[in-house]
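Throughout, read-outs are computed from the coordinates displayed, never taken from laboratory work. Since the structure is predicted, the reported quantities are computational estimates derived from the model, not experimental observations. A quick note on method: Cβ atoms are made from the backbone with ideal geometry, for glycine too, and the neighbour counts reach across all protein chains shown.
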Amino acid sequence: MQKKSILKKIFIYTVSAILLCILYVAMHLGYNFFSDNIHTVIPNKIYRSAQLNKKNLTELTEKYHIKSMINLRGTWPTNHWYEVEKKFAKINHIEYYPIQFSAYKLPKKQEIRILVHILQIAPKPLVFHCEGGADRTGMAAAISLILFKKNATIAEIEKEASWHYNAVSRFTVGYQVMRNYFAWLKKNNLPQSKENFLTWLNSDEKMQPYEGWFFV
């Protein structure tokens, strides 16, 4: 009887722990969703978000003194959100850079090089966004850490393109790009650094799309 009682307690504690973990993740994802997934990538320099309406754009701009905006959804002149955002940037003297990426399709290296160039030349502080602030935004955030944070670790970079910011699939563009870069580092026995990232980006090494489990 005592053994059964112990096993029962272990089972209850295990199930409770699993349910608490699920609840935590659900609450975290929900918070990101309802808060427009606004987060700091590098303090006073780079911020990330989901697609914002005019009111939230105003609040973000005033709070962080935004000087540049990178729209990772591209140019959509027939869509209301694009016209609102473009007009807002013009009125508030914010540099506006629309560049189109897919949330799941692996981009060409040339497209990433354009993003890197914009990240380097755009006046700071800047904010970038896609639709939900998770997939394409995760890629831009991971690249930003590599470019602007000294000694950024692989764990820190991976986090920017992970479930922490609602990118729950391994097919997201951020996960796929970083996976290719980290694989190249491992193959060449190199540490993570801005210089090595740019070497990889400008190399002839072809990126391979991810094939595997859906969830991170």
request  = Please give the contour-minus-distance gain from N202 to E95: 0.36 nm per residue of separation, less the Cα-Cα distance, rounded to one decimal in nm.
outcome  = 35.9 nm
query = Residues with amide H under 5 Å of I46's amide H, sequence separation 5 or more or different chain, H placed in the peptide plane at 1.01 Å from N; which?
reply = V41, L126
request  = Please label the shape of the stretch 49-180 as rounded, prolate or oblate, based on the square roots a ≥ b ≥ c of the eigenvalues of the alpha-carbon gyration tensor (a/c under 1.5 means rounded; beyond that, a/b larger than b/c means prolate, else oblate).
outcome  = prolate
task = Check cross-link reach from K186 to the lysines: straight Cα distance under 16 Å, and skip same-chain residues fewer than eight apart.
result = K194, K206
key: 21 Å Cα-Cα reach of K54 towards lysines, excluding residues that sit fewer than 8 places from it in its own chain   = K63, K67, K86, K87, K90, K124
request  = Using only the alpha carbons of the stretch 166-207, determine the length spanned along each of the three principal axes and report them from longest to shortest in whole angstroms.
outcome  = 29, 19, 17
ask   = Taking H as built 1.01 Å from N, whose amide H comes closer than 5 Å to the amide H of G132, not counting residues under 5 places away?
value = Q51
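Take peptides 168-181, 150-163 and line them up by average Cβ neighbours within 10 Å, highest first, as a rough protection proxy.
The most tightly packed comes first, giving 168-181, 150-163.
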remark   = Distance in nm between F148 and E195 label points, each 7 Å along Cα→Cβ, equals 2.3
